[in-house]
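Before any comments, here is the structure.
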Amino acid sequence: MAGNHSFKDYVADRFYNEVFAAIQSYTTDNYDDLDLRLYRVRNIGGIELSDIEVKFVSVNDLPDMKIEFDIVVEAELEVRESDYHYDESENCRQWFMLKCTGDLDCNLDDFTISSVTEYSSKNRQPKPMSDSLVPIIYKEQLESVATDFLRRHYPKALKTPMAIEPQVLAENMGLTVEMREITKDFSVFGQLYFHDCDTEFYDKDSDEMVQTHIDARTIIVDPKAFFLRNLGSVNNTIVHECVHWDQHRKAFELERLYNSSVTRIKCQVVGGIKDNSRDATDWMEWQANALTPKIQMPIAMFKTQAFKYIKQFRTELGTSELIDVMEPVIDALATFFCVSRTAAKIRMIDAGYEEAIGTFTYIDGRYVKPHRFKKGALERNQTFSISAEDAAIQSITNPEMAALVGDGSYVYVDSHFVLNHPKYLTQDIFGQTVLTDYARTHMEECCLAFNLSVKSGCKERYYTECFLNRDKTSNIDFDIKYCNGFEHATPEKKAKILADTLAEETRIYNELPNSYTSSLKIVREWKNVTYKELAERILINERTIRRIVNGEEPGSINSIILICLGLHLPPNISSHIIRNSPFSLNFNNDSHIWYNFALTHLYPKSMDEIRAFLQEHGADPL
């Protein structure tokens, strides 16, 4: 389905003669009243229409397959003088508007022109359609379009919370749902047939494509969707196809006017329509994707049900914190409305529960604990969660961020950059560094925020639809930028918190001599760590450490890094020591980039955590 044919071109081509004749008779009857810009002719004696050009067509959507449309035409007129003393004539151009109607069910064979006027200004259509006959729906209108859809096809879902039964919805719309394998590789999850046709489906028994007749108004769903995905995704597929039927039949019929062999819309697993990525098709897919969850979870009923579950889980879990019940509530809603967890999560955010944003997040394959922040602290395309790789790249390539985290005031914990202070960070029973409960519920106070912009796999308009899906299934590359000045912790508050720690660190830093060995002696005493303790932490034998600190053997870049990490030295002190040693970090070496990341952002963590982190990111073991 090409989805890019122009209604304007079709009308201009097919109805040229009718439009020409209508303008001709209008100018002949009304030439005294025409507002023409004439220079030589004083009194009009006659008008000839020599040519017309359709400038644009503005379409209004009507029920069923009917449409009304204004055709705006530029006409070239030849005007003669009425006074025979002047044998004058001149050409001029004038724009006209023709009001027309037609029904796509009979291929516009009933085309009628109801009026011709001089064109003054563009007429705002109540339900405008694009030149490809796709309804023009703005983001703010999605909720009301979804409500209107339910009012027409499934009104009871607006009266009390319920799961929409897709089979029933399809029946209400006069559609039939059939389960059958479509392709061998499950590249198409659903197809909607607008017209009878013969087509091919994959047959498991013979392992080949088999010719089959399919009736119009049939939705085919591949049963592999049950196994490869879940019930939520089968329901979603059927509703998605129902939306196409309701909203996009006119665009589809326009295609057929150009090419009568088009019979169906294919919806690919990735989203987007197969074999082609042009504009009208993108819009139709975007609309179906955006409307489907809003239809499956009508906002008022969804809020009613959410409120009920919040109350229930607060009681069951004995907590008043919304963030603590958010995940079970989302799961209960997903089950209740038969939708995916991601769809329910996004709907919670639509419903105004921003706490849902920080739930069910998976980064670097790990689950990030639910977290929340002040309402409005994040824009829709911002996040407090960032993968280690993005963080490593940012802290080297982004000067503002490098400056901000370079002094060690932020530590990378649980996919967040967190202000390094006991109020926000603590150790759990396994000695792992974790966020305090206070930090988890006040992210805006202690975490850096990042702007997300999508690099690939996604067209501009899909942005916000995909953003909140930073879960296991999202396949978008995030191009993450640290947003400058977006730390909500007030500088004063932050300064006060860090002043004591930094004052102490600065004092030590200023005392350090240029000899790296003398510096190592000073910091070991300052941190009050015995050689034996240090040896146990960094797994280098005690004697070797003593020899390095006493300058009896140079050691290696790795042993110096280990000593700095084992002593939990702040980044500026580590870099002073490395700078004055015979060794240096080489940023062409990936392992060294990760070592530098550890020295800058992980230095307060235990050696076990640091080793696990380096191993996970493929750095050579220290």
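The residue list Lys374, Lys303, Lys345, Lys311 contains one member that is among the charged types (D, E, K, R) and more than 30 Å from Phe450 (Cα to Cα), which is Lys311. Summed over the stretch 574-614, residues that are among the hydrophobic types (A, V, I, L, M, F, W, C) and within 14 Å of Ser395 (Cα to Cα) total 7.
Residues that are modelled with pLDDT under 85, under 22 Å from the mean Cα position of the chain (by Cα) and either assigned to a strand (DSSP E or B) or at negative phi (or both): does the stretch 207-229 have at least one? Scanning the stretch 207-229 turns up at least one residue that is modelled with pLDDT under 85, under 22 Å from the mean Cα position of the chain (by Cα) and either assigned to a strand (DSSP E or B) or at negative phi (or both).
For (1) more than 27 Å from Val234 (Cβ to Cβ); (2) part of a helix (DSSP H, G or I); (3) touching a strand residue (DSSP E or B) at 6+ places or on another chain (Cβ under 8 Å), each residue gets a yes or a no:
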position: Ile330; (1), (2), (3): no, yes, no
position: Ala334; (1), (2), (3): no, yes, no
position: Ala344; (1), (2), (3): no, yes, no
position: Gly352; (1), (2), (3): yes, no, no
position: Ala356; (1), (2), (3): no, yes, no
position: Tyr367; (1), (2), (3): no, no, yes
position: Leu378; (1), (2), (3): yes, no, no
position: Ile386; (1), (2), (3): yes, no, yes
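Out of all the residues in the stretch 317-337, which are surrounded by 23 or more Cβ atoms within 10 Å (Cβ to Cβ) and of a type outside the set (Val, Ile, Thr)?
Taking the stretch 317-337 first, the residues surrounded by 23 or more Cβ atoms within 10 Å (Cβ to Cβ) are 325-326, 329-330, 333, 337.
Met326, Leu333, Phe337 - these are the residues of the stretch 317-337 that are surrounded by 23 or more Cβ atoms within 10 Å (Cβ to Cβ) and of a type outside the set (Val, Ile, Thr).
Annotation: of all residues in the stretch 135-157 being modelled with pLDDT of 95 or more and of a type in the set (Lys, Arg), the one that is nearest to Phe302 (Cα to Cα) is Lys156. Residue pairs whose Cβ atoms lie under 8 Å apart, separated by 6 or more positions or on different chains, with the first residue in the stretch 299-321 and within 17 Å of Asp350 (Cα to Cα) and in contact (Cβ under 8 Å) with a residue 40 or more places away in the chain and the second among the hydroxyl-bearing types (Ser, Thr, Tyr) and surrounded by fewer than 12 Cβ atoms within 10 Å (Cβ to Cβ), are Met301/Thr160.
Name the one entry in Ile540, Ile593 that is more than 22 Å from Val405 (Cβ to Cβ) and either modelled with pLDDT of 90 or more or outside any loop (DSSP other than H, G, I, E, B) (or both).
On inspection, the qualifying residue turns out to be Ile540.
On the given criteria, is Asp148 under 30 Å from Ala306 (Cβ atoms), exposed (fewer than 14 other Cβ atoms within 10 Å of the Cβ), free of Cβ contacts under 8 Å to residues at least 40 places away in the same chain and of a type in the set (D, E, K, R)? I'd like the intermediate steps shown before the answer.
Values: under 30 Å from Ala306 (Cβ atoms): yes; exposed (fewer than 14 other Cβ atoms within 10 Å of the Cβ): yes; free of Cβ contacts under 8 Å to residues at least 40 places away in the same chain: yes; of a type in the set (D, E, K, R): yes.
Judged against the criteria, Asp148 is a match.
Of the residues making up the stretch 549-572, not a single one is surrounded by fewer than 20 Cβ atoms within 10 Å (Cβ to Cβ), at pLDDT 90 or above, hydrophobic (A, V, I, L, M, F, W, C) and assigned to a loop (DSSP other than H, G, I, E, B). Can you find even one residue in the stretch 123-134 that is more than 32 Å from the chain's Cα centre (by Cα) and either at pLDDT 95 or above or under 30 Å from Asp35 (Cα atoms) (or both)? Checked the stretch 123-134: at least one residue is more than 32 Å from the chain's Cα centre (by Cα) and either at pLDDT 95 or above or under 30 Å from Asp35 (Cα atoms) (or both).
The values are calculated or read from the model by the stated rules, or taken from the named source; none is laboratory data. On a predicted model such as this, the values are computed, not experimentally measured, just so you know. So basically every Cβ, Gly included, is an ideal-geometry build from the backbone, and we count neighbours across all protein chains shown.
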